[in-house]
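The values are calculated or read from the model by the stated rules, or taken from the named source; none is laboratory data. Bear in mind the structure is a predicted one, so any value in this text is a computation, not a measurement. Here the Cβ positions follow ideal geometry from the backbone for every residue, glycine too, while neighbour counts run over all protein chains shown.
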Amino acid sequence: MSKQKKIPLILIFFFVLSPFLLASEKILINLEGNYLAYSYDYRQIYGENVKFEFSLYEVSCQYIKIDVASRTFYAYGNIVLKKENEIISGDEFLFDPKKNIGKLISYKEGVEIKKIGDEGSEIALSKNNILDELSLSKIKKSFIYFTGKLFQINKNFEIYGFNVGLYLEGIESIGFKKFKLSGGFHQRRNGISLNRIWYTRSQGIIGRLSYLYEKEKKINTITQLNYEEHSVLKDYSGLKRQIDVMSSTTINFNENLNLGLTGNYNSGGLWNTRLWLNKKWSNKVNTQVDVLYNKPINLQGEAWVGFQSNINANKFGNISFVGKYGIQNQVLSNISYRNTFLKKINFLLSSSYSKVKIGRNGDYSKIFSGGINLSYSSRIFNLSTDYYLNYDLFGDQLLSQPQLRLGLNPFNFFGGLLSASIYNIFIYNNLNKGEIHEDNYSNNTVFNLSTKPIFVQKSFSLNFNIALEQFVEKEGRNFTSGGFIVNANKGLIKGVSVGGLYNIQSRRKTKSWLIEGTTSQNLSAVLKVNPSKRLNGWVSFSFDPKNSTWRQSFVDVSIELFRNWKFHSLLNYDFILKKINNVDLYIIREAGQFQLRFVWRSLSKQFMVELVPR
Amino acid sequence: MKRNIIIVILLMLSSFFGSCITLRPKHIFPPDNQVEGIHLCKGMEDSGDLLKPVDIQSDFTSKDDHINCFIKLKDVSIKIRLRWKWYSPDKKMFRDTGDIIVNQNEEYLGVVTAYDMLQLTPESKNEGQWTVVVFMNDKFIGRKTFQVRPLKLS
């Protein structure tokens with residue numbers, strides 16, 4: 001049999017096998033009612049005259065509301081619980097079928113609460129706001145909803161409906177004898193599962209298989225196999241097939257000792273594996289040792305042995321150490337110490353050394369680096385000083401860089417009307433490379449002053465912002481820049497306002513006798529229209545006062561249509577090119593857990609239908 | 001080759017959908033829940049035939065001398081009995097309206113609005129979480145909880 005004929009047979013084999021691989025989940029709750037509705041958009045169930053079983057009781061109620069996402073179950077109205085000769089009644093029943101706990105509430109001379117189900121459990125059940133908002137009219141406004149008389153929820157919170165009718169945008173369409181109404185929470189089960197068999201014109205036949213084994217708090221292992229068959233594709237230039245295997249296992253000997261093994265393999269010729277042991281000595285001390293082997297494509301594999309430890313000595317600070325040794329005499333190490341003194345002074349000291357092989361000539365890159373950082377922050381100002389040292393032993397190059405940062409936190413004056421801040425950064429660099437010695441420095445000072453909105457009239461406000469910056473350096477590429485922004489807002493009528501913004505920026509470069517610079521100005525206006533919840537839009541224009549030219553205009557309009565459908569458009573007009581640059585038109589349906597969008601983009605002349613998960 | 005793949009996929013789809021799709025779904029009659037909403041509010045606007053809740057909230061202070069529980073029903077065509085029960089933070093019944101007859105003439109009413117008012121007495125200790133439940137024809141139809149907080153002295 002030729003290879004090509006084998007492929008459909010393999011597909012049929014997997015198709016026949018798949019129900020066995022995808023083992024069915026146990027049923028959590030069966031709901032039988034005169035009317036049941038499930039919203040796909042919101043993952044919520046509403047039902048009337050419903051019966052179900054809970055903790056060996058047969059429960060009947062007038063109404064039921066279930067929010068699957070938050071796993072909230074709420075039955076109310078004429079609640080009756082029957083078990084052999086026992087009959088209990090109440091007005092409300094909050095329950096969790098997975099934990100087998102429930103709370104039956106009756107309103108008589110007082111509020112009476114009775115625990116149902118697992119007697120030993122604490123009942124933390126309460127009715128939340130989601131249930132207040134859950135109603136049949138909300139479900140009927142869903143883009144997709146189902147109605148039926150029998151729903152089944154399994155332990156994975158997947159919902160199945162029997163003899164259900166599908167409603168699409170409120171219109172009754174086809175029915176299903178049995179239909180999976182929701183995807184559940186995708187909780188994994190022990191065993192092999194076939195995740196996917198698919199065919200695409202770019203990747204060929206794709207198969208994904210995974211194996212999971214989990215023993216609570218003891219062992220956890222997951223292995224995934226991805227297979228791609230490219231030989232079925234015409235003109236495919238790469239490998240005929242590709243296999244990827246990824247595996248990860250963790251064994252917990254006890255709360256403080258764990259062992260892990262990970263491995264990855266690709267049929268292209270690369271693989272790696274790592275074995276690690278983690279020991280928690282106390283809440284303050286933790287140690288990990290690991291062995292790693294990595295085999296890249298077309299290169300020799302290399303093995304590393306690592307050790308890392310972290311000691312948290314509270315007021316004496318935090319010390320961490322990382323050390324790795326690789327075959328061929330390679331070393332990576334790092335040590336750091338961090339502490340806080342007098343609640344406001346932070347201190348960090350770190351040092352690292354690396355010796356790594358470069359190229360195939362037996363050369364090594366050897367770098368030593370270290371740094372100290374000391375910072376102090378108060379209500380009024382913050383001060384930070386750094387010293388950074390990098391010593392390249394291979395290139396015989398030493399860089400040292402001290403820095404000093406001083407900032408005055410924003411402070412208000414004139415009764416909070418004005419706010420000002422200032423900060424300064426000084427950096428010094430010193431580089432020694434053989435006979436070459438270089439040093440330079442730079443200093444940058446920034447000042448900012450802004451006002452809160454000043455109401456000239458009840459519906460007319462102004463605010464200003466001034467920024468100044470001075471940059472000085474050893475090479476003399478100094479500059480001074482300044483900016484001024486004024487912003488005005490005026491409400492015209494209810495839901496309509498106009499805003500204007502003018503800014504001027506200037507940058508002057510000074511070097512010896514030469515002064516050069518640029519100045520730019522911009523004036524823009526925006527008209528905002530928001531008369532109701534259904535209509536929201538704005539139009540903006542920008543103008544260059546320096547050259548007396550109009551630049552661009554943007555229009556943005558959003559209109560709510562009906563049943564959560566919305567129209568949105570964005571237009572951009574270029575006055576300089578005298579043409580419409582782009583028009584984007586959207587028709588959007590908000591549907592709870594997803595959004596359906598019909599999009600037209602004039603720039604790319606594309607019409608798109610997008611289904612966006614939320 | 002592609003033909004074989006298409007045949008296999010069509011076989012899969014036909015075996016799946018053929019067993020579950022029915023083109024004429026069983027029509028289920030819409031339910032009869034008449035409750036449109038229950039709200040707690042400070043005031044009530046009485047313009048025209050229907051009442052409208054004003055200042056809907058679930059947090060009140062001991063300064064608020066009364067709290068309204070408003071209910072809106074739809075499609076009422078028979079005589080109904082409404083009843084409000086108010087429970088204080090110690091879970092004891094504070095007020096029971098008894099049955100209040102609505103639509104005595106059994107006319108069809110598209111919308112029915114009604115409310116009950118809780119009077120807070122300044123001399124009693126009102127702070128804590130209160131509960132109000134509403135019954136229609138002896139059947140529990142809704143509950144609201146609200147907080148009464150002590151008045152902050154500035």
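Points to keep in mind about this one:
- Of the residues making up the stretch A:405-422, one or more are crowded, with 16+ Cβ neighbours inside 10 Å, among the β-branched types (V, I, T) and touching a residue at least 12 places away in the same chain (Cβ under 8 Å).
- Members of the stretch A:226-269 that are loosely packed, with under 14 Cβ neighbours inside 10 Å and either under 17 Å from A:D290 (Cα atoms) or of a type in the set (G, A, S) (or both): A:S237, A:G238, A:F253, A:N256, A:L257, A:G268, A:G269
- Answer residue from the stretch B:58-108, given it is away from chain A (no Cβ under 14 Å) and polar (S, T, N, Q) and is surrounded by the fewest Cβ atoms within 10 Å (Cβ to Cβ) among those: B:N105
- Check on B:V112, within 14 Å of chain A (Cβ to nearest Cβ), assigned to a strand (DSSP E or B) and either under 20 Å from B:N33 (Cβ atoms) or of a type in the set (A, V, I, L, M) (or both): no
- Members of the stretch A:228-255 found to be more than 18 Å from A:R208 (Cβ to Cβ), of a type in the set (S, T, Y) and more than 14 Å from chain B (Cβ to nearest Cβ), listed by number: A:S237, A:T249, A:T250
Residues checked against (1) assigned to a strand (DSSP E or B); (2) more than 9 Å from chain A (Cβ to nearest Cβ); (3) within 30 Å of B:K139 (Cα to Cα); (4) at pLDDT 65 or above:
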site: B:R3; (1), (2), (3), (4): no, yes, no, no
site: B:L11; (1), (2), (3), (4): no, no, no, no
site: B:C41; (1), (2), (3), (4): yes, yes, yes, yes
site: B:L50; (1), (2), (3), (4): no, yes, yes, yes
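- Pairs, first in the same structural domain as A:G491 (by TED's automatic domain parsing) in the stretch A:529-547, second aliphatic (A, V, I, L, M) and loosely packed, with under 12 Cβ neighbours inside 10 Å, C-beta under 9 Å, six or more apart: A:P531/A:I493
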